[in-house]
Amino acid sequence: MNLIKEIRIDWKTNSFSSAIIIMFYRIKHYLYNNKKNFLLFLITFLEKIVFLFLQIDSQISYKARIGSNLRLLHRGQGVVISSKAIIGNYCTILHQVTIGINETKKETSIEIGNHVFLGAGAKIISCKICDGCKIGANATIVKDIVKKSIVYSLNEIKEINDNGRVKRCN
């Protein structure tokens, strides 16, 4: 999809501050992919000024790959997304979410599928999360979630079967 369409969709589905955050991410990601380093530098400088003025404190790396229809609720407050992150379409991210890597592990990629919900304060560290998962508030995920599940703490995972019923896994 082209850059302008992506930005228009983001403006329709997010608050003003969240749309600003995602807009800067998308422009910087586009410039990075097209090797426009000087423009990337200028946009990054402009972003810092706008974020300071609007009191936005989120960090999304322009090297991350984020699908369409990303929703950042609560102004994207405190959201941190690593350069190694790959995030699918139609994901919702609440405030204070960290998507990062454990640099001591060999596998340092982070993959988040489509239609994933990340609750407030969730930490996703060097793992893969399949499509349709829901991660509860303050959950810390350090292992791959391979089936559609609801995760609400480090040790509590509930799978959702095809009928929509929930069963406990641990």
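The values are calculated or read from the model by the stated rules, or taken from the named source; none is laboratory data. Quick caveat: nothing in here was measured; it's all calculated off a predicted structure. Note: ideal-geometry Cβ built from the backbone for every residue, glycine included; neighbour counts use all protein chains shown. All accessible areas refer to the heavy atoms of the entire protein, side chains included, with ligands and DNA or RNA removed. Shrake-Rupley method; radii C 1.70, N 1.55, O 1.52, S 1.80 Å.
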Accessible area per residue, Å², region 1-154 with all protein chains present, probe 1.4 Å: 54 Å²
Taking amide H positions as placed 1.01 Å from N in the peptide plane, with prolines and chain starts having none, which residues 5 or more places from Thr140, or on another chain, fall under 5 Å of its amide H? Lys123, Leu154
In whole Hz, what ³J(HN,Hα) sequence does region 98-104 give by Karplus (6.51, -1.76, 1.60; θ = phi - 60°), x for Gly and Pro? 10, 10, x, 10, 9, 5, 7
Build a GNM of the chain with springs between Cα atoms under 10 Å: which of Asn138, Asn89, Asn33 gets the top mean-square fluctuation? Asn33
Using DSSP to define loop residues, name the trypsin sites (Lys or Arg not before Pro) in region 30-104 whose beta-carbon has at most 13 other beta-carbon atoms within 10 Å. Lys35
Normalised by the residues of the chain, what does the relative contact order come to in percent, with Cα pairs under 8 Å and at least six apart? 13 percent
Between their Cα atoms, which of Lys105/Lys128; Lys105/Lys147; Lys36/Lys63 are more than 20 Å away from each other? Lys105/Lys147
Long-range amide H partners of Glu111, meaning residues 5 or more apart or on another chain whose placed amide H is closer than 5 Å, are Ile86, Cys127, Lys128, Ile129
Using a Gaussian network model of the chain with C-alpha springs under 10 Å, which one of Gln55, Gln77, Gln96 is most mobile by mean-square fluctuation? Gln55
Where GluC sites (Glu not before Pro) in DSSP loops with at most 14 other Cβ within 10 Å are excluded, longest remaining stretch of the chain: 1-102
Per-residue [θ]222 nm for the chain (sum of -39500 (n - 2.57) over DSSP H runs n ≥ 4, rounded to 500): -9000 deg cm²/dmol
Return one number: the angle in degrees, 0 to 90 and rounded to the nearest 10, between the long axis of the Cα atoms of helix 37-54 and the longest principal axis of the Cα atoms of the chain. 80 degrees
Kindly work out what percent of the DSSP beta bridges joining two residues of the chain are antiparallel, to the nearest 5. 20 percent
Heavy atoms only, probe 1.4 Å: what % of the accessible area of region 1-92 goes to carbon and sulfur, would you let me know? 61 percent
So if each residue of separation counts as 0.36 nm, and I subtract the Cα-Cα distance between Asn138 and Arg65, what length gain in nm does that give? 23.9 nm
Test of understanding: in a Gaussian network model of the chain with alpha carbons linked when under 10 Å, which of Lys147, Lys106, Lys28 would top the mean-square fluctuation ranking? Lys106
Quick check: from the Cα gyration tensor, does region 1-50 come out rounded (a/c under 1.5), prolate or oblate? oblate
FRET efficiency, Lys36 to Ile86 (Cβ-Cβ, R0 22 Å, nearest 0.05): 0.50
Per the rule of 0.36 nm per residue minus the C-alpha distance, extending Leu54 to Ile9 adds in nm 14.1 nm
Along each principal axis of its Cα atoms, how long is the chain end to end? Whole angstroms, biggest number first, please. 50, 37, 30
